[in-house]
Amino acid sequence: MKLPTLCDTMLNQIPKSSGLSSELAKKLLLQHGPNEISKDKPKGVGAIVLEVIKEPMFILLFCCGSIYIFLGDYREGIMLLCWVLVIIFITFYQNKKTEESLSALRQLSSPRALVMRDGIEVRIPGSEVVPGDILLINEGDRVTADAKILSTNQLSIDESMLTGESLPVLKSENETSIENANTIFSGTLVAQGSGRAQILATGSKTKLGQIGASLLSIEQQPTRLQIEMKQFIKKLFIGGGIISLCVITIFYFTRGNFTDAILNGLAAAMAILPEEFPVILTIFMALGAWRLSKSNVLTRKPSAIETLGSATILCSDKTGTITQNKMELKNLQTGTNTIHADSFNQNKSEILPLLNTFYYSSSTDSLDPMDRAIQQQFDIFHPTHKNEDVQLCKEYPLSKTLFAITRVIQHPTETYPTAYCKGAPESILAMCQLSSSDYQEHIKQVEILAAQGYRVLAGATCSLLNNDMPKNQVDFQWQYAGLVGFDDPIRKEVPQAIEECYAAGIRVIMITGDFPITALSIANQIGLTHGNQIITGTELQNMSPSDLATKIRDTHIFARIVPEQKLQIIQALKANGEIVAMTGDGVNDAPALKAADIGIAMGMKGTDVAREASSMVLLNDDFSSIVSAIHMGRRIFDNLQKAMSYVIAIHIPIIGMVMLPALFSSLPILLLPLQIVFLELIIDPICSIAFESEQEEVGIMNRPPRDANIHFFGWKNILFSLFDGVLLLAVVLAVYFISIREGHTDGEVRAIAFSSLIIGNVFLIFSSLSKTRNVLSVFKSKNKTVILITAAAIVMLVTSLRVPFLLDSFHFEFPGYSHFLTAIIAATIMLIILELKKVKFVK
C-alpha cells in the first residue's frame with residue numbers, strides 16, 4: 001500500500017516505543033490539519049435571519065409595521081420594523097452562545113485515541129492524531145485513522161462499514177497474500193484482541209474520507225419533553241388564533257374601526273403566542289449539556305438531561321469508578337507464606353519465581369493495571385529480563401467459561417517451552433491437581449486476602465516435555481505457583497457521594513467481577529448499605545427473571561458478574577419500575593447501557609462501542625462525577641420548569657390588557673404592538689438565559705427523585721402559573737382603574753398601567769427564580785444576567801417616559817413621578833403574596 005502522507009524514511013525514524021514528540025505532533029497537526037472528514041459549520045448571520053423570518057412573531061411584527069406605514073404612521077411603522085433588527089441580534093447572540101457550547105461538546109465527544117507521545121501513553125481526541133502517531137488499539141475501540149500494524153495480539157477488525165462484509169477480518173503485522181492484512185482503516189471497529197499501529201493517513205486522506213463517507217452517528221428521536229411541548233404549543237396556538245379572531249370581531253362591532261380592530265387582533269396574537277418555548281428548550285439543553293461537561297460528564301442524548309432528575313437506581317462498576325484503578329502489588333503468597341510489600345526486598349529469592357509466573361503470563365503491551373503492577377515489580381527484581389530473547393509460542397485468551405489466561409513462552413536457555421497461567425483463584429485451583437485439603441487451604445488464604453479488600457489472582461506453571469501443546473489450557477499439567485494480592489484504593493470522594501445519593505433517594509448498586517468478600521470489604525469502606533446480601537454471577541445465571549426482580553429489591557452488591565449479566569440486572573430493575581442509571585465500559589456492556597434509562601460509558605477505560613450505546617460519557621471515570629451530574633440534571637430541569645412557568649404567567653396580564661378594551665369600548669387601549677415588543681425584549685433573555693444560569697434550589701439533593709410519569713406541563717404547574725399571571729393582571733388592572741378614577745388622560749393612564757406591568761414583571765421574575773428561597777436570598781445570589789436585564793428594563797422604561805420622541809411613539813403622556821407610587825405599592829403587595837405562596841415549598 002502506498003503511504004499517502006509520510007515517506008518510508010520518516011516513518012522509520014519515529015521510535016516505535018516512544019512515538020512522536022509533542023512538538024513534532026503539533027507541527028504535523030498544523031501541516032495535515034485535524035483528523036476530521038466533515039464538520040458542521042456554525043450558523044451564519046444569513047441563516048439566523050432566515051430562521052427569524054420564519055418565526056410567527058416576525059410575521060406579526062412585519063404585518064403590524066406594514067399596516068402602520070400603509071396608514072401613514074411612518075414613525076410607528078418604522079420603529080416596529082426596527083425592532084426586528086433587535087430581535088435578530090438577540091437571536092444571533094443566543095445562537096452564538098449555543099454554538100460555542102456545542103462546539104466544546106463536539107471536541108469532547110470526538111472518538112478518543114490512545115497514542116504514544118514522548119514515550120508516554122496518552123488518550124487524546126481522535127481529531128488530534130497525526131500521521132506517524134503510534135496508535136494503541138484494544139477490543140471495542142473505533143479506529144481513528146488509517147494505519148499500518150506494528151504488532152498484534154489476536155487482532156480482528158470489523159470492516160463492515162467499508163466493505164459490507166459482516167465477518168471480522170484477522171489482522172497481522174506481516175504482509176501476506178491477503179490484501180490490506182497489515183492495514184487498519186478509519187471508522188472500523190476492533191472486534192477482538194489488541195495491537196499497535198502507526199498512522200499513515202488522517203482526515204480526508206483516509207479511505208473513509210476518499211469515498212466521501214462520514215462517521216456514523218446515532219439518529220436522535222424527539223424527546224418526551226419535546227413532544228409534550230409541541231403538543232402544548234399547538235393547543236396554545238389554536239386557542240390564540242380563536243381569541244385573536246374574537247378580539248378583532250368584538251373590537252370592530254364595539255368601536256367600528258376595522259384598522260384598529262386588526263391591530264388589536266395582531267397585538268392579541270403577539271401576546272398569546274408562546275414563541276419563547278422552543279428557544280428556552282434549545283438553550284437549556286445546549287447549555288445544560290455544556291454545564292454537565294464541566295462536571296466531566298459528556299451528554300450524548302438530550303433525553304438524559306430530562307431523565308437525570310428521575311433516576312432512582314445508580315448501578316456502578318467498582319474498578320476505576322468507585323476505586324482509583326491504580327493497582328499496587330501489596331501481597332505475594334507462596335504456599336502458605338504471605339509476604340507483604342514492605343518485606344519484598346528481604347524475600348526476593350522466594351518471591352521471584354512467583355513474579356516470574358505472573359510476568360510471563362501477562363502481555364508486555366497490556367493496558368491492564370494489574371499487569372502493569374506486576375511488570376513494574378518484576379523490572380525491579382529482574383532488570384536484565386528485557387535483554388532475554390524469549391519467544392511467545394502460543395496464547396490461550398480469557399473466555400466466558402474460564403477466567404484464566406495462558407501464555408506459552410520459549411526461553412533461550414531451555415529446550416522446550418514453559419506454560420504460564422494466571423486468573424481467578426477458583427479457576428486456577430480447579431485446573432491444578434491438588435488434594436482436597438490443599439485446595440481448601442488455598443481457598444481459605446484467598447478469602448483472607450479478599451476480606452482485606454485485595455483483588456486476588458492465582459498463578460500456575462507447566463514445563464512442557466515437547467513442543468506439542470493441547471487445544472485447551474485446562475489440559476496442561478499445571479503446578480500451582482501461588483497468589484498475588486492487589487490494592488486498588490477507593491476514591492476519597494466516593495463515601496461522600498454515596499451519602500449524597502442516599503439523601504437524594506437514590507439506591508446505589510455495586511457490580512463487580514471480584515470475590516463477594518472483596519466486594520463486601522469495599523462496600524464497607526464506601527458506606528454502601530448492603531445487609532450482607534450478595535448475588536453472584538453463578539446465582540444470577542440460575543435465577544428466573546421473576547425471582548431476580550424480587551431479590552433485587554433488597555440487593556445492593558453483585559459479585560463475580562460478567563458483562564453480559566448486567567443486562568439481566570438492568571431488566572430486573574426496570575421490571576420493578578425503577579429509573580436506572582448504569583455505568584459500563586466494554587463491548588459486552590453495550591446492550592445493558594442501551595437498555596438503561598441513563599447509560600453512562602467510561603471515557604478513559606471505556607470502548608467506543610460502549611460510548612456509542614450510552615446516553616452519557618463519564619470523562620474521568622469518577623463515581624462522584626455521576627452524582628454531580630444528577631445534581632446538575634435536577635438543577636437544569638428545575639430551572640427549565642420555572643422558566644416555562646414564568647412564560648405562561650407573564651402572558652396572562654398581556655392577554656388581559658389587550659382584550660379588556662375590546663370588551664369595553666369606553667376604556668382606552670392599553671397595549672399596542674410596540675409596547676408588546678418592548679415586553680418581549682425583557683421576556684426572551686430572562687426566560688432563556690437568566691433562568692438557566694440561576695443556582696439550584698435549597699435541598700435539591702435531599703428530596704426523592706422526580707416521578708418520570710408526571711407530565712412536565714402538569715395541571716398543578718399550569719394552575720400555579722395561571723395564579724401568578726392572574727395576580728399580576730389584577731395588580732395592573734387595579735392601578736389602571738385607580739388612574740382612571742383620578743382623572744388622568746388616556747396617555748397618562750396607559751403610561752401608569754404599562755409601568756405597573758413592567759415593575760410587576762420585575763418582581764415576578766425575582767420571585768419566580770426560586771421556589772424555596774425568598775426574594776432577598778435570590779437577589780443576593782447575584783445572578784448577573786437577571787440584574788443586568790432588569791436594570792436595562794427600568795432604564796428603558798424611564799427613558800420612554802421622559803424622552804418626547806419615545807413618549808409620542810409609545811402613545812404615553814408623563815403624569816409625574818408621584819403617580820407611579822401606586823404601581824410600586826401594588827406590585828409590592830403582589831410580591832408579598834407570591835412569597836407567602838412559597839411557604840408550603842419550604843416546609
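The values are calculated or read from the model by the stated rules, or taken from the named source; none is laboratory data. What you see is a predicted model; the values in this text were computed from it and never measured. In this analysis, Cβ positions are derived from the backbone assuming ideal geometry, glycine residues included, and neighbour counts consider all displayed protein chains. To get the accessible areas, we keep the full protein, side chains included, count just its heavy atoms, and leave off ligands, DNA and RNA. Shrake-Rupley method; radii C 1.70, N 1.55, O 1.52, S 1.80 Å.
For segment 345-425, what is the convex hull volume of the alpha-carbon atoms per residue, in Å³? Numbers along the way, then the final one.
Numbers: hull volume 9.1 nm³, N = 81.
So the per-residue hull volume is 112 Å³.
Using a simple charge model, +1 on the beta-carbon of Lys and Arg, -1 on the beta-carbon of Asp and Glu, nothing else, what dipole does segment 776-837 show about its Cα centre, in debye to the nearest 20?
Numbers: 5 positive and 3 negative charges, 81 e Å.
Dipole magnitude for segment 776-837 comes out near 380 debye.
Between the C-alpha center of segment 397-427 and that of segment 765-782 there is a gap of 66 Å. Rounded to the nearest Hz, the phi-derived 3J(HN,Hα) couplings of segment 448-455 under the Karplus curve 6.51 cos²θ - 1.76 cosθ + 1.60 (θ = phi - 60°) are 5, 5, 5, 5, 8, x, 7, 8, where x marks glycine and proline.
Of TYR480, TYR420, TYR817, which has the most accessible area and how do the rest follow, probe 1.4 Å?
Working: TYR480 45, TYR420 15, TYR817 140 Å².
Ranked list, largest accessible area first: TYR817, TYR480, TYR420.
How big is the Cα convex hull of segment 527-618 in projection, averaged over all directions, in nm²? All intermediate terms of the calculation are to be shown ahead of the outcome.
Values: hull surface 23.8 nm².
Result: 5.9 nm².
A simple spin-label model places pseudo-atoms 7 Å from Cα toward Cβ; at VAL562 and PHE723 they are separated by 5.7 nm. Under 1.5 on a/c is rounded, so check that first for segment 403-476, then, if it is not, pick prolate when a/b is larger than b/c and oblate when it is not; a ≥ b ≥ c are the square roots of the alpha carbon gyration tensor eigenvalues. Prolate. Using a probe of 1.4 Å, the accessible surface attributed to LEU821 totals some 100 Å² when neighbouring protein chains are kept in position.
Measuring with a 1.4 angstrom probe and ignoring ligands and nucleic acids, ASP707 comes out at about 80 Å² accessible.
Using the Karplus relation 6.51 cos²θ - 1.76 cosθ + 1.60 with θ = phi - 60°, the per-residue 3J(HN,Hα) values for segment 368-374 come to 5, x, 5, 4, 5, 4, 5 Hz, with x marking Gly and Pro. Computing FRET efficiency as 1/(1 + (r/R0)^6) for SER546 and GLU23, where r is the C-beta to C-beta distance and R0 is 60 Å, gives about 0.45. Beyond 32 Å in Cα-Cα separation lie the following of the pairs LYS27/LYS330; LYS234/LYS784; LYS386/LYS605; LYS26/LYS148; LYS784/LYS837: LYS27/LYS330; LYS234/LYS784. Proximity of backbone amide H atoms, modeled 1.01 Å from N, is registered between ARG117 and VAL122 at under 5 Å, excluding neighbours fewer than 5 places apart on the same chain. Model label points for LEU836 and THR401, set 7 angstrom from Cα along the Cα-to-Cβ axis, are 7.6 nm apart.
Once the Cβ-Cβ distance between TYR502 and ASP379 is put in as r, and R0 is 41 Å, what FRET efficiency do you end up with, to the nearest 0.05?
Values: r = 44 Å, r/R0 = 1.06.
Once the sixth-power term is evaluated, E becomes 0.40.
Taking amide H as placed 1.01 Å from N in the peptide plane, the amide H of ILE509 sits under 5 Å from that of LEU314, CYS315, SER316, each at least 5 places away or on another chain.
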